[in-house]
1. Just need a number here: residues in region 18-28 that are surrounded by 19 or more Cβ atoms within 10 Å (Cβ to Cβ) and part of a loop (DSSP other than H, G, I, E, B).
2. Which members of region 131-182 meet the condition of being farther than 23 Å from Leu121 by Cβ and of a type outside the set (Gly, Ala, Ser)?
3. What number of residues within region 197-211 satisfy the criterion of being of a type outside the set (Lys, Arg) and touching a Ser or Thr at 6+ places or on another chain (Cβ under 9 Å)?
4. Give the residues of region 28-68 that are touching a residue at least 60 places away in the same chain (Cβ under 8 Å) and either β-branched (Val, Ile, Thr) or on the phi > 0 side of the Ramachandran plot (or both), sorted by residue number.
5. So, in region 36-87, exactly how many residues are over 18 Å from Ser23 (Cβ atoms) and exposed (fewer than 15 other Cβ atoms within 10 Å of the Cβ)?
6. Being modelled with pLDDT of 95 or more and not aliphatic (A, V, I, L, M) is the filter; apply it to region 219-232 and report the residue that is surrounded by the most Cβ atoms within 10 Å (Cβ to Cβ).
7. Only one of (1) in the same structural domain as Ala162 (by TED's automatic domain parsing); (2) on the phi > 0 side of the Ramachandran plot is not met by Ser81, so which one is it?
8. Kindly indicate the residue of region 123-147 that is at pLDDT 95 or above and of a type in the set (Gly, Ala, Ser) and also surrounded by the fewest Cβ atoms within 10 Å (Cβ to Cβ) among those meeting that condition.
Amino acid sequence: MPSFYNHQLDLESQHISLSPEESQHAIKARRLRVGDRVSVINGRGITALCSLETLDRSAASLMVESIDFTHAPPLKLSIASALPKGDRMRTMIDMLAQLGTSRFVPLRCAHSVQKCSTSMLSKLQRYALEACKQSNNPWLMHIDQEHSVSELLETAGKEESALAYADGMGGSLADRQFSSHDLCVAIGPEGGFSPDEVTAFAIAQAPAIKLGSTILRTETAAVAVAAQWIAR
């Protein structure tokens with residue numbers, strides 16, 4: 001069933017409209033017609049089964065037939081990662097959103113090669129939304145502002161969330177016990193974290209975790225963390 005997004009959808013909604021962009025997608029890509037049924041998410045746990053009442057390129061209107069609410073996962077995972085280049089970045093965001101990652105933080109490291117501009121953040125948000133609709137995930141992965149390692153450590157301390165970083169010398173994620181249900185895992189660029197960044201993690205008592213016996217690309221490491229976390 002085709003899935004669409006409407007951030008104004010709530011538990012009391014009876015009629016909703018799609019944005020012009022979503023309406024055009026319904027017409028041109030999905031080739032939907034009046035009477036067709038679709039799924040609509042609001043990105044905050046609500047999924048509605050709807051039928052198309054009217055359909056035009058500016059705003060398709062839908063009648064809500066039923067509404068379900070899915071609670072957020074009890075174990076929340078944030079991934080703070082250096083950005084890989086090109087299609088690899090889109091693949092990473094797509095897979096993390098499908099796996100139910102709660103938040104993604106672009107991480108600026110000493111060895112980073114990909115910068116995170118305002119337009120890049122918009123792309124990441126679009127990739128996350130597309131993945132949530134495709135996978136019928138009712139919880140939209142939040143895309144945060146870019147952080148340096150020091151800013152990430154400061155934020156984790158304020159939020160009282162557990163923090164770890166991916167490193168080939170640490171223990172496995174499955175063997176680690178964390179004091180919080182909210183975990184943030186930092187993943188460096190393919191050049192790795194700098195000695196100063198590793199020292200900063202150590203001072204913050206953030207443990208290193210090992211994801212396998214081989215050296216992983218940045219996007220592969222991020223997806224491996226998410227897959228291992230939901231399997232706990």
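The values are calculated or read from the model by the stated rules, or taken from the named source; none is laboratory data. What you see is a predicted model, and the numbers here were worked out from it, not measured in a lab. Heads up, the Cβs are rebuilt from the backbone with ideal geometry, glycines too, and the neighbour counts pull from every protein chain shown.
1. 1
2. Of the residues in region 131-182, the ones farther than 23 Å from Leu121 by Cβ are 136, 157, 160, 162, 164, 167-181.
Result: Asn136, Glu160, Asp167, Met169, Leu173, Asp175, Arg176, Gln177, Phe178, His181.
3. Count: 4.
4. The answer is Ile41, Gly43, Gly45, Ile46, Thr47.
5. 13
6. If we take residues in region 219-232 being modelled with pLDDT of 95 or more and not aliphatic (A, V, I, L, M), then Glu219 is surrounded by the most Cβ atoms within 10 Å (Cβ to Cβ).
7. (2) is the only condition that Ser81 fails.
8. Ala131
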